[in-house]
1. Based on this model, can you work out whether residue 146 counts as in contact (Cβ under 8 Å) with a residue 12 or more places away in the chain, charged (D, E, K, R) and buried (at least 19 other Cβ atoms within 10 Å of the Cβ)?
2. Out of curiosity, is residue 59 touching a residue at least 60 places away in the same chain (Cβ under 8 Å) and in contact with a Lys or Arg (Cβ under 9 Å, 6 or more places away or on another chain)?
3. Say whether the condition of being β-branched (Val, Ile, Thr) and free of Cβ contacts under 8 Å to residues at least 24 places away in the same chain is met by at least one residue in the range 101-123.
4. For the range 170-194, enumerate the residues that are buried (at least 20 other Cβ atoms within 10 Å of the Cβ), on the phi < 0 side of the Ramachandran plot and touching a residue at least 60 places away in the same chain (Cβ under 8 Å).
5. Which residues, taken from the range 1-50, are at pLDDT 95 or above, aliphatic (A, V, I, L, M) and in a helix (DSSP H, G or I)?
6. Would you confirm, using the coordinates I've provided, whether residue 89 is closer than 13 Å to residue 14 by Cα and either at pLDDT below 95 or in a loop (DSSP other than H, G, I, E, B) (or both)?
7. Among the residues of the range 163-219, write down those that are among the polar types (S, T, N, Q) and either out of contact with any strand residue (DSSP E or B) (no Cβ under 7 Å at 6 or more places or on another chain) or over 21 Å from residue 31 (Cβ atoms) (or both).
8. Anything in the range 106-116 that is among the polar types (S, T, N, Q) and over 13 Å from residue 72 (Cα atoms)? List them, or say none.
Amino acid sequence: MSTATNAHTSTRILVLGATGGTGRLIVKEAVARGYEVTALVRSAEKGQGLAGARLIVGDARDAAAIRKALKDQDAVVSALGTPPSPFKAVRLLSAATQVLVEAMQAENVSRLVAISGIGAGDSRGHGGFVFDRLIFPLLLRKVYADKDRQETIIRESGLAWTLVRPAILNDKPKRGSVRALENLAGFHGGTVSRSDVAGFVLDQVKTDTWLHRSPLVTW
């Protein structure tokens, strides 16, 4: 092990999806916590405003770009998202996640905290009447089919993973505390701020409390 590595003290994280609404807040808070943050962005223009982060321009589905961004990282936070797609099949999340998992295995980076969403896996049917009966089937069914594929890839990766499933996201001020649920019996609906999700996600980088688990995060 090199002297530089021995002297290293701060946590180094790679953030994917860093230019999205939640991703930008993750970068901002990670920098505030003193982490060394690398953000993979599709263009330098899209990376504007990510103060304090090292930007690497590339596509999340490009293995070479991911391997480059992963060098010397301690953990990866995936905030990758995709817009509603009522008619067209979605493959971005699962394709990018497959590339990421293989790259992490190759680079010996084991800690992965990935944002999924309420409606994925066994959280389906717990989003409340409007979400479950209207929004999900009409707008998000194909997106969530890909989220399910993404979650399966992560679960089978052999990595030290945590899947974070936020309730319906909003842009309200941070409260500083959330409920993290696994038993969803009787739970229908719920909202949470992107800021609070960002904080919860970053907390998982340094704790094994939710290792190999899929908490639903809500207020």
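The values are calculated or read from the model by the stated rules, or taken from the named source; none is laboratory data. All of these numbers come straight from a predicted model, not from anything done at the bench. In this analysis, Cβ positions are derived from the backbone assuming ideal geometry, glycine residues included, and neighbour counts consider all displayed protein chains.
1. In short, yes.
2. Criteria not met by residue 59.
3. Checked against the condition, which is being β-branched (Val, Ile, Thr) and free of Cβ contacts under 8 Å to residues at least 24 places away in the same chain, the range 101-123 yields no hits at all.
4. Residue satisfying the conditions is 194 alone.
5. 25, 26, 27, 30, 31, 32
6. no
7. 170, 177, 183, 191, 195, 207, 209, 214, 218, listed by residue number.
8. Passing the criteria: only 116.
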